[in-house]
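Colleague: Right, I'll just put the structure down here and ask away after.
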Amino acid sequence: SQTIHQWPATLVQPVGSPLSLECTVEGTSNPNLYWYRQAAGRGLQLLFYSVGIGQISSEVPQNLSASRPQDRQFILSSKKLLLSDSGFYLCARGDPGYNEQFFGPGTRLTVL
Amino acid sequence: DAKTTQPPSMDCAEGRAANLPCNHSTISGNEYVYWYRQIHSQGPQYIIHGLKNNETNEMASLIITEDRKSSTLILPHATLRDTAVYYCIVRHGGYQKVTFGTGTKLQVIP
């Protein structure tokens with residue numbers, strides 16, 4: 001099973017508040033993990049990816065950060081949300097030797 | 001990863017074949033062509049991928065031109081459930097960082 005869990009499913013937060021989105025995955029160990037964001041009417045933007053515990057690569061400089069405290073756990077955080085952080089956040093996994101990525105159900109974040 | 005160009009939207013009658021084009025003129029020799037689709041408010045779903053030969057699976061067929069500068073995803077008998085945004089992506093086979101463009105919004109019409 002390549003099941004990916006994300007929570008919460010939806011979130012409404014005020015500007016300036018902190019953020020923590022969690023992603024956990026099942027299946028084979030040591031997956032590559034990814035955070036994407038999709039703004040309304042736009043394509044998916046890769047934010048972060050991780051090839052192992054504690055290893056994070058950032059694709060886009062911004063006020064978001066990511067952490068991978070456990071092999072199957074990937075967390076997206078912010079200390080102070082901006083209006084522009086609103087969007088649909090997707091966690092994905094990819095496994096070495098396999099070609100496709102599997103995506104989670106996503107978290108829809110609205111910053112007011 | 002090479003850039004791809006897709007039409008922003010297409011319509012297809014239910015039961016007919018849907019042919020979704022993609023241009024990737026800057027593709028390099030070791031880059032694969034991948035297709036994903038995203039049904040509204042869900043995460044993207046892998047469909048198919050190929051390097052230079054045509055590929056077919058239970059979901060679709062992928063036709064890649066001989067010069068590999070373009071490809072076509074074919075859904076042989078489109079259903080209403082195939083209404084989605086379809087993304088064409090090219091990337092190196094062993095490297096799984098995937099960058100998505102804006103895709104083609106396919107509307108299947110009854």
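Colleague: If each of residue A:51 and residue A:9 carries a label point 7 Å out from its Cα toward its Cβ, how far apart are those two points in nm?
Modeller: If labels sit at residue A:51 and residue A:9, their model points lie 3.6 nm apart.
Colleague: Residue B:52: which aspartates and glutamates have alpha carbons under 14 Å from its alpha carbon, excluding same-chain residues fewer than 8 sequence positions away?
Modeller: List returned: B:31, B:66, B:67.
Colleague: Taking the Kirkwood radius as the inverse of the mean 1/r across Cα pairs, report the Rg/Rh of chain A.
Modeller: 0.95
Colleague: Express the C-alpha Rg of the protein assembly as shown as a ratio against the empirical globular expectation 2.2 N^0.38 Å, rounded to two decimals. Could you put the intermediate results ahead of the total?
Modeller: Numbers: Rg = 17.7 Å, N = 222, 2.2 N^0.38 = 17.1 Å.
Here the Cα radius of gyration is 1.03 times the empirical estimate.
Colleague: May I ask you to compute the full-extension gain from residue B:9 to residue B:41, defined as 0.36 nm times their residue separation minus their alpha-carbon distance, rounded to one decimal in nm? Walk me through the numbers on the way to the answer.
Modeller: Values: separation 32, 0.36 × 32 = 11.52 nm, distance 1.76 nm.
Here the answer is 9.8 nm.
Colleague: Moving on. Which value in Å is the Kirkwood Rh of region B:1-97 over different Cα pairs?
Modeller: One over the average 1/r among Cα pairs gives 13.7 Å for region B:1-97.
Colleague: Let me ask you something else. Among the aspartates and glutamates, which have Cα under 17 Å from the Cα of residue A:79 when same-chain residues fewer than 8 positions away are ignored?
Modeller: A:22
Colleague: Roughly how crowded by other chains is peptide A:26-35, in terms of the mean Cβ count from those chains within 10 Å of each of its Cβ atoms?
Modeller: Values: counts 0, 0, 0, 0, 0, 1, 3, 0, 3, 0.
Partner-chain Cβ atoms within 10 Å, mean over residues of A:26-35: 1.
Colleague: Within region A:11-26, which residues have the backbone N less than 12 Å from the label spot 7 Å out from residue A:84 along Cα→beta-carbon, could you tell me?
Modeller: Counting only backbone N, you get no residues.
Colleague: How long are the semi-axes of the equivalent ellipsoid of region A:18-77, taking √(5λ) for every eigenvalue λ of the Cα gyration tensor, in whole Å from largest down?
Modeller: The answer is 20, 13, 11 Å, longest axis first.
Colleague: Follow-up. Using each residue's phi in region B:67-72, evaluate 6.51 cos²θ - 1.76 cosθ + 1.60 at θ = phi - 60° and report the 3J(HN,Hα) Karplus result to the nearest Hz, with x for Gly and Pro.
Modeller: 7, 6, 7, 8, 8, 9
Colleague: If Rh is defined by the Kirkwood formula over all Cα pairs and Rg also comes from Cα, what ratio Rg/Rh do you get for region B:16-55?
Modeller: Numbers: Rg = 12.3 Å, Rh = 12.1 Å.
Radius of gyration over Kirkwood radius for region B:16-55 works out to 1.01.
Read-outs: derived from the displayed coordinates by stated rules, not from any lab. The shown structure was predicted, so the numbers you read here are calculated from the model rather than taken from an experiment. For neighbour counting, all protein chains shown are included, and Cβ atoms are generated from backbone atoms with ideal geometry for every residue, glycine included.
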